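*Asks:* I am attaching a structure below and will ask some questions about it afterwards.
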Amino acid sequence: MDYSDERALPLEPSFSAGVELRAYVSGIVTQTSCTPGMPVASGKALLTVNGKPVIALAAKEPFYRDLGWGDKGADVDSLRGALSSLGYAVDASGEFDDDVFDALTSLQDTENLATSDGLFHISDFLWVPMSSPAIATCEATVGQSVGPGATVATTARILSSLSVTRAAAEGLVPGARTVSVFEVAVTLPESGVLTDPAVLTQIANAPDSRGKLTVDKDGKAAAISGTSRLVEPLQIAAVPPASVFGVQGLRGCVEAQGGTYPVTVVGANLGMSLVRFDGVPPADVLLHPKPGSCNAAAQG
């Protein structure tokens, strides 16, 4: 029968520190959508200064200068990635050219920026991490004066990894696996550690995650639970526990009329041991095998 080894899988989260979000514009805050506990929406205004929108832009690296025709570098590629994530037809890398210009012009028009020249003005944008973490605090309030480099908000801790606990990892049946966390289904790496920022962002922003990815006052993260299963179900057999002998770890043997068969014990169900045969299984196994040698560990 098929066996997918579906089970609850405890996962330990780790977090990086929150990030200060800084605006590079001078004036009076006239409006803000900053709300503690809510993620920042990339491509939308987080606040307005002197009536001018300041657009949050989730990007791989922070911006530090204005950008225009022919500029190249890590910050240009970061801008390209941010625009691509918003749905614009922009290549992943290259210099500042037509595709970046067209995307910026469209974004400037859509968000009612006063400047719609297709160039990147750092005073119009507010860099936020790609993970789009939730806001922890809002430093810039309506009526407050801000200057270039002022912190306008601080993000909460950012989910940086999810790791299968050591005890749970030791009991997993070997094989490629998936894990579903807060209804986000992904492939589980062989290391048992999820580190892909895009995947972690999906998990952290999932509706069911609210209030569950937390740390206590000592900074210790609370474990969460996912559901894991094998990508390719195993063909296994249910045999009486007493029929399995010579067990070392998950390896053991059963005996049949045709001789001794090495097996891998993959679980238990309804009082029966679930085993996987290395080759073609016998039709029946002996309930009380005679003591004998079992070389299953060497053959596994």
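*Asks:* Would you call SER225 in contact with a Phe, Trp or Tyr (Cβ under 9 Å, 6 or more places away or on another chain) and closer than 30 Å to ILE135 by Cβ?
*Replies:* No, not satisfied.
*Asks:* Exactly one condition in (1) over 24 Å from PRO36 (Cβ atoms); (2) hydrophobic (A, V, I, L, M, F, W, C); (3) not in a loop (DSSP other than H, G, I, E, B) is false for LEU159; which is it?
*Replies:* Tallying (1) over 24 Å from PRO36 (Cβ atoms); (2) hydrophobic (A, V, I, L, M, F, W, C); (3) not in a loop (DSSP other than H, G, I, E, B), LEU159 fails exactly one: (1).
*Asks:* Where residues in region 138-148 are open to solvent by 20 Å² or more (accessible area, probe 1.4 Å) and touching a residue at least 24 places away in the same chain (Cβ under 8 Å), which of them is farthest from LEU21 (Cα to Cα)?
*Replies:* Checking each candidate, the answer is GLY143.
Residue-by-condition table, conditions (1) closer than 24 Å to GLY51 by Cβ; (2) surrounded by fewer than 18 Cβ atoms within 10 Å (Cβ to Cβ); (3) among the aliphatic types (A, V, I, L, M); (4) more than 31 Å from the chain's Cα centre (by Cα):
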{"site": "PHE63", "(1), (2), (3), (4)": "yes, no, no, no"}
{"site": "ASP66", "(1), (2), (3), (4)": "yes, yes, no, yes"}
{"site": "ASP71", "(1), (2), (3), (4)": "no, yes, no, yes"}
{"site": "SER93", "(1), (2), (3), (4)": "no, yes, no, no"}
{"site": "THR105", "(1), (2), (3), (4)": "yes, yes, no, yes"}
{"site": "GLY118", "(1), (2), (3), (4)": "yes, no, no, yes"}
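*Asks:* Give the residue that is nearest to ALA242 (Cα to Cα), with candidates limited to residues of region 264-297 that are of a type in the set (A, V, I, L, M) and crowded, with 18+ Cβ neighbours inside 10 Å.
*Replies:* Going through region 264-297, the residues of a type in the set (A, V, I, L, M) turn out to be 265-266, 268, 270, 272, 274-275, 280, 283, 285-287, 296-297.
Cutting the leftovers down to crowded, with 18+ Cβ neighbours inside 10 Å gives us 265-266, 274-275, 285, 296.
Numbers: VAL265: 13, VAL266: 15, LEU274: 12, VAL275: 13, VAL285: 10, ALA296: 17 Å.
The selected residue is VAL285.
*Asks:* Quick one: what pairs do we get from region 169-191, first residue free of Cβ contacts under 8 Å to residues at least 12 places away in the same chain, second open to solvent by 30 Å² or more (accessible area, probe 1.4 Å) and not aromatic (Phe, Trp, Tyr), C-beta under 7 Å, 6+ apart or different chains?
*Replies:* What qualifies is ALA185/THR178.
*Asks:* Consider only pairs whose beta carbons are under 6 Å apart and that are at least six residues apart or on different chains; among these, list those whose first residue lies in region 206-233 and is more than 30 Å from TYR3 (Cα to Cα) and without any contact (Cβ under 8 Å) to a residue 40 or more places away in the chain and whose second residue is open to solvent by less than 70 Å² (accessible area, probe 1.4 Å) and among the aliphatic types (A, V, I, L, M).
*Replies:* LYS212/ILE224; THR214/ALA222
*Asks:* Given the conditions (1) touching a residue at least 60 places away in the same chain (Cβ under 8 Å); (2) more than 30 Å from LYS212 (Cα to Cα); (3) open to solvent by 30 Å² or more (accessible area, probe 1.4 Å); (4) touching a Phe, Trp or Tyr at 6+ places or on another chain (Cβ under 8 Å), report the number of the one that SER26 does not fulfil.
*Replies:* So the condition that SER26 fails would be (4).
*Asks:* Quick test of your reading of the structure: TYR261 fulfils all but one of (1) of a type outside the set (Lys, Arg); (2) surrounded by 11 or more Cβ atoms within 10 Å (Cβ to Cβ); (3) farther than 23 Å from GLY175 by Cβ; (4) touching an Asp or Glu at 6+ places or on another chain (Cβ under 9 Å). Name the failing condition by number.
*Replies:* Here TYR261 clears every test but (3).
*Asks:* Let me ask another. Which of the residues belonging to region 122-137 are outside any loop (DSSP other than H, G, I, E, B) and open to solvent by less than 40 Å² (accessible area, probe 1.4 Å)?
*Replies:* Across region 122-137, the qualifying residues are ILE122, SER123, ASP124, PHE125, LEU126, VAL128, ALA134, ILE135.
*Asks:* Tally up the residues in region 44-54 that are surrounded by 19 or more Cβ atoms within 10 Å (Cβ to Cβ) and either touching a Ser or Thr at 6+ places or on another chain (Cβ under 6 Å) or under 19 Å from THR201 (Cβ atoms) (or both), please.
*Replies:* Qualifying residue count, region 44-54: 3.
*Asks:* Could you tell me how many of the residues in region 242-282 are under 25 Å from SER4 (Cβ atoms) and either of a type in the set (A, V, I, L, M, F, W, C) or out of contact with any helix residue (DSSP H, G or I) (no Cβ under 6 Å at 6 or more places or on another chain) (or both)?
*Replies:* Count: 27.
*Asks:* Go through region 29-58 and give me each residue that's touching a Phe, Trp or Tyr at 6+ places or on another chain (Cβ under 6 Å) and closer than 17 Å to PRO197 by Cα.
*Replies:* Within region 29-58, just LEU57 meets the criteria.
The values are calculated or read from the model by the stated rules, or taken from the named source; none is laboratory data. For clarity, every value in this text was computed on a predicted model and none was experimentally measured. With ideal geometry, Cβ positions are generated from the backbone for all residues, glycine too; neighbour counts draw on all protein chains shown. Each accessible area value is taken on the protein alone, full model and side chains, heavy atoms only, with ligands, DNA and RNA left out. Shrake-Rupley method; radii C 1.70, N 1.55, O 1.52, S 1.80 Å.
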